[in-house]
Amino acid sequence: YLCLMRLSVGLALLVASTEAYTRCAPALLRVQRHGASPPPLVLRSTPPLASVAAAATALVSAPSRPVLNAVLLASTVSALVLWLVRVLNTPSRVYDRAANSVGREYDAWTSEGILEYYWGEHIHLGYYEEGQRKGPFYGGKDFIQAKYDFIDRMLDFSKAAEPANVLDVGCGIGGTSRYLAKKFPQASVTGITISPEQQQRATSLAAERGIPNAKFELVDALNMKFADNTFDFVWACESGEHMPDKEKYVQEMARVLKPGGRVVIATWCQREETPEFTPSERKTLDYLYGEWTHPYFISIDEYARIMQRTGVLEQVATDDWAAQTIPAWRHSVWVGVWDPWPVARRPRLWWKTIRDAWCLEVMHRAFTGGVMQYGMMT
Ligand code: SAH
């Protein structure tokens, strides 16, 4: 806010001084040319109220118009900036299960194609090694390669070896399902989503890439049609954020998992609630819930407790990959800055893109500040 206010006041002063200069320059030139001396300065004591009245009169009188213009401009710009910040900070895509807000938003993101253009086939954060965490160049790390690196790391973390039947819970447009299907050609991979547009896009990309062992279905993760003990590897990457019932989400994954199988979950989490959230943390969380249609988040430890409560998942291991993934937030913005044309030529998408960029920045700050954590559970 402060930066924007300073910018607007600075801008106003610049305009005022330019205008003042334009008005005074001819008179100054005349004085220089004709050698006229300025009138002597007469000092008089004036009552304070009279001075204020005089100053006010001077302000609105013709010779002070630059000052008045500057004040008006500064207040207008400040008011606009404050209004804009307020609008941007008001969540616009609040979670609504009855209206399937999650499916609707992913449908829109898929048909617009902007997310796919910048993020590729993966709707999750990337993995950055230590020398790759500083923008704007991120040690030369490719934005999309970072996402593939994330999958490889998540696979290592899961300790799954040669799975035969894989379930990708919340598969997006299927980037990971296809990656796993290619990596394990003997395996059969099923990706599920609640966005019809995503299911179609995922299916057509699998056909285009010639990957017959990956298929995509429209299935609600909280009510899966699959029989108990169907899969030996259950993968869930950044879908838990959207689940209105985290316990059911984990229980369903545990139910369809074969004994001896592996589950791996990567998801945005909030920190444990002790100490209590500060008002500013609460405000940030409420915004993050409501801007990208999340009902709420939970902590990494809460996920671990839920996993243990299933009675089926044993030896639960967790980690926080905030440091490894934080660069992805601002890197997303930088890829747009380097290559703005796909958005620039479609004015219809400008406002949504501004909102998304704003949310990316709030996410960055929430993870850096510690109110958010990157949960890895297996
Ligand atoms: N895992 C994917 C996509 C993450 S985006 C990737 O890494 O690219 C979140 C995904 O979760 C979307 O595909 C969304 O449709 C899906 N999702 C959210 N809620 C869901 C639900 N209740 N059932 C099934 N999928 C869901």
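Here is how the numbers come out for the structure above:
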item	result
Pairwise FRET efficiency - Gln200 versus Val67, Cβ, R0 = 45 Å, nearest 0.05	0.15
Potential extension, Asp152-Tyr118 segment - 0.36 nm per residue separation minus Cα distance	10.2 nm
Qualifying chymotrypsin sites (Phe, Trp or Tyr not before Pro) for segment 262-328 [loop in DSSP, other Cβ within 10 Å: at most 14]	Tyr296
Rounded accessible area per residue of segment 101-377, 1.4 Å, Å²	43 Å²
FRET efficiency, Leu222 to Asp339 (Cβ-Cβ, R0 41 Å, nearest 0.05)	0.65
Separation of the Lys134 and Ala108 label points, Cα + 7 Å toward Cβ, nm	3.8 nm
Surface share of carbon and sulfur [accessible, 1.4 angstrom probe, percent] for segment 101-377	53 percent
Close Lys-Lys pairs in segment 101-377, where close means Cα under 19 Å and separation is 8 or more or interchain	14
Calculated FRET efficiency for the pair Arg309/Lys258, C-beta based, R₀ 25 Å, to 0.05	0.80
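The values are calculated or read from the model by the stated rules, or taken from the named source; none is laboratory data. Just so it is clear, the model here is predicted, and its values are computed rather than measured. Please note: Cβ atoms are built from the backbone with ideal geometry, for glycine as well, and neighbour counts cover all protein chains shown. Protein only, heavy atoms only, side chains kept; ligands, DNA and RNA dropped before computing areas. Shrake-Rupley method; radii C 1.70, N 1.55, O 1.52, S 1.80 Å.
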